[in-house]
Amino acid sequence: MSVVLQINLDFPFQVALAFDEAAMDVLDWLEGQSFEWDMYVDLPANTIRYCFRSVVDAIAFKRRFGDAAEARAAAAEAG
């Protein structure tokens, strides 16, 4: 079984973020959390997939980083 398939089975709730300078902030935040997580690079989509066991953890992550990433992307398109 491939590593990505195993991650997808073990961590079904995923949030994809584009590669950007905030990646270290994301990792610092994740390291401080008590829940389990994993991640992998999705080359075709040019993103990093952050993977969680529960939907609650994925929502907390999305609230913390997904909204900020979307705002940065919108600012880049407007600028």
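The values are calculated or read from the model by the stated rules, or taken from the named source; none is laboratory data. What you see is a predicted model; the values in this text were computed from it and never measured. Neighbour counts run over all protein chains shown; Cβ positions are idealised from the backbone, glycine included.
Here segment 18-41 is the region considered, the condition is being over 16 Å from ALA60 (Cα atoms), outside any strand (DSSP E or B) and of a type outside the set (A, V, I, L, M), and the residue that is modelled with the highest pLDDT is PHE19. Applying the selection to segment 3-17, what residues are farther than 14 Å from ASP57 by Cβ and in contact with a Phe, Trp or Tyr (Cβ under 7 Å, 6 or more places away or on another chain)? Across segment 3-17, the qualifying residues are VAL4, ILE7, LEU17. Listed by first and then second residue, the pairs linking a residue in segment 26-44 that is surrounded by fewer than 16 Cβ atoms within 10 Å (Cβ to Cβ) to a residue that is in a loop (DSSP other than H, G, I, E, B), with Cβ atoms under 8 Å apart and 6 or more places separating them unless they lie on different chains, are PHE35/ARG53; PHE35/SER54; GLU36/PHE11; GLU36/ARG53. The set of residues in segment 4-22 that are closer than 21 Å to VAL55 by Cα and of a type in the set (A, V, I, L, M) comprises VAL4, LEU5, ILE7, LEU9, VAL15, ALA16, LEU17, ALA18.
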